[in-house]
Amino acid sequence: MANKTEQTIVDLISPIIEAHNDLLWDLTFTKEGGQKALRILLDKPDHQFITMNDLTLFTQEVNELLDTVDPDPIPEAYVLDISSPGADRPLKELWHFEWAKEANENILVSLFVAKEGQKKWQGKIADLNKDGLTLTTTNGRLPLTFDEIAKAILDVQF
């Protein structure tokens, strides 16, 4: 769930995202090692990859917007980090899991508590709903609720 600052930033940058036909994968505003950091993960819709040129242009426009908007949504010093979610992108939202299922991607999930003797499972999403998913693994189908999943990422196979 986005905090107030994160939601304000999302609202401010949404027109830029829409104008460039980009996809906001994730946005976080956190304190890391005594310094504030605004991290924006950006991609393209329909499983296309964002380019470095796309990220550079977006960064310039967001920098200009955040430097001139009044009132300043982040009045203290912070680091702005805008990048692609990467090949091993985090899966946090329901739509992230839908995206992975649609693309028939392998995912890697880490559980809070071991299930069937394991805390890490790899496979493809067979079924998905608002409460959880069923993962097709080498051991068969494994039903999981989102409450059981500590972390999920794409599991890219090269």
Item checked: Members of the range 111-148 found to be among the hydroxyl-bearing types (S, T, Y), assigned to a strand (DSSP E or B) and open to solvent by 30 Å² or more (accessible area, probe 1.4 Å), listed by number -> T136, T145
Check: Among the residues of the range 57-94 satisfying the criterion of being within 23 Å of G34 (Cβ to Cβ) and of a type in the set (V, I, T), which is modelled with the highest pLDDT?
Finding: I82
Item checked: Selected residue [in a helix (DSSP H, G or I), within 24 Å of W99 (Cα to Cα) and either among the hydrophobic types (A, V, I, L, M, F, W, C) or open to solvent by 40 Å² or more (accessible area, probe 1.4 Å) (or both)] from L42, L55, L65 -> L55
Check: open to solvent by 40 Å² or more (accessible area, probe 1.4 Å), out of contact with any helix residue (DSSP H, G or I) (no Cβ under 8 Å at 6 or more places or on another chain), part of a strand (DSSP E or B) and under 25 Å from K151 (Cα atoms), is that true of D81?
Finding: yes
Notebook entry, point to check: If a residue has to be surrounded by 12 or more Cβ atoms within 10 Å (Cβ to Cβ) and over 27 Å from E105 (Cβ atoms) to count, how many in the range 8-31 make the cut?
Noted result: 5
Check: Would you say V156 is part of a loop (DSSP other than H, G, I, E, B), farther than 17 Å from D26 by Cβ and out of contact with any Leu (no Cβ under 8 Å at 6 or more places or on another chain)?
Finding: yes
Next item on the list: Go through the range 95-110 and give me each residue that's within 11 Å of A152 (Cβ to Cβ) and part of a helix (DSSP H, G or I).
Entry: H96, F97, A100
Item checked: Members of the range 84-95 that are open to solvent by less than 50 Å² (accessible area, probe 1.4 Å), closer than 20 Å to F58 by Cβ and not basic (K, R) -> S84, P85, G86, P90
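The values are calculated or read from the model by the stated rules, or taken from the named source; none is laboratory data. Being a predicted model, the structure only gives us computed values, none of them experimental. FYI the Cβ positions are ideal-geometry reconstructions off the backbone, even for glycines, and counts take in every protein chain you see. Surface accessibility is based on the protein's heavy atoms, side chains included, excluding ligands, DNA and RNA. Shrake-Rupley method; radii C 1.70, N 1.55, O 1.52, S 1.80 Å.
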